[in-house]
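*Asks:* Dumping the structure here so I can ask a few things about it.
The values are calculated or read from the model by the stated rules, or taken from the named source; none is laboratory data. Computed from a predicted model, the values in this text were never measured in an experiment. Glycine gets a Cβ as well: all are built from the backbone with ideal geometry, and neighbour counts include every protein chain shown.
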Amino acid sequence: MKRILTITILTAISCVPAAAAGFDCAKAATTDEHLVCDVPQISLLDSLLKSAYAEAKAASPDENVPRIARDFLADRHACGADRACVLSTYLGVLDAYNDLGATVDIRKDITAETIALGRAKASAAVPEKVGQCVLTQVDEVHPRIGDDFDGGTGIDFTNEGYQVSYNREEELIASKPRDEVVMCLISIPHHCPMATTGGGSI
């Protein structure tokens, strides 16, 4: 069965300017906090959190934005010194804030190659851990619905992963079967509603 994952599949690398973290690095106490302060790319993302949080809270007052922030901090702390994991938690939380109305543009600066640093290995399975990256290939690119890409774009990968966009994605449409792709897991949803059947949960 195919699973929908939040992944990043672009492979261009771009330079990121140095930036200060959004907290006082002199007071960093945990492994993940030290990593944020030591890696300029992650420091830059951390410096964006405060404004992204405020924008999301203002645009979506009925959503539990503070809970998203708490989940992010717990996820980042669980990463410890794993750079790819910490970087991915920032992509995940900033994506979540953008979904609620924030306007932080990060994807042009951070890509799958940025996360993987050339360490992704070929795999017949999708990544299962935040920050994990694998090499896979394009299996098929197709319209999301019907025969017209104007209704959205779908892409299937040979490791049974797939993505769907509601937009016409020219770069994906130009992809060919067997094109190599770096696929990284950047977030796992929290607090998903659970359906119950027969006393169990699925």
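*Asks:* Return the pairs, sorted by first residue and then second, in which the second residue is in a helix (DSSP H, G or I) and not small (Gly, Ala, Ser), the first residue lies in region 50-62 and is in the same structural domain as Leu73 (by TED's automatic domain parsing), the beta carbons are less than 6 Å apart, and the residues are 6+ apart or on different chains.
*Replies:* Listed pairs, sorted by first residue: Ala52/Leu94; Ala52/Tyr97; Ala56/Val65; Ala56/Tyr97; Lys57/Val65.
*Asks:* Hey, another quick one. Consider only pairs whose beta carbons are under 8 Å apart and that are at least six residues apart or on different chains; among these, list those whose first residue lies in region 25-37 and is over 12 Å from Cys79 (Cβ atoms) and whose second residue is among the small types (Gly, Ala, Ser) and assigned to a helix (DSSP H, G or I).
*Replies:* Pairs found: Cys37/Ser43.
The rows are residues; the columns are (1) β-branched (Val, Ile, Thr); (2) modelled with pLDDT under 90; (3) not in a helix (DSSP H, G or I).
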site	(1), (2), (3)
Leu10	no, yes, yes
Ile13	yes, yes, yes
Val16	yes, yes, yes
Ala21	no, yes, yes
Ala29	no, no, yes
Asp32	no, no, no
Val36	yes, no, no
Gln41	no, no, no
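*Asks:* Further question on the same structure: Can you name the strands (runs of 3 or more DSSP E) wholly within region 136-198 that have at least 2 residues being farther than 30 Å from Ala69 by Cβ and not assigned by TED's automatic domain parsing to the domain that holds Ala69? So that I can check it myself, show each step before the final result.
*Replies:* Working: elements: 153-157, 161-165, 180-187.
Passing ranges, in order: 153-157, 180-187.
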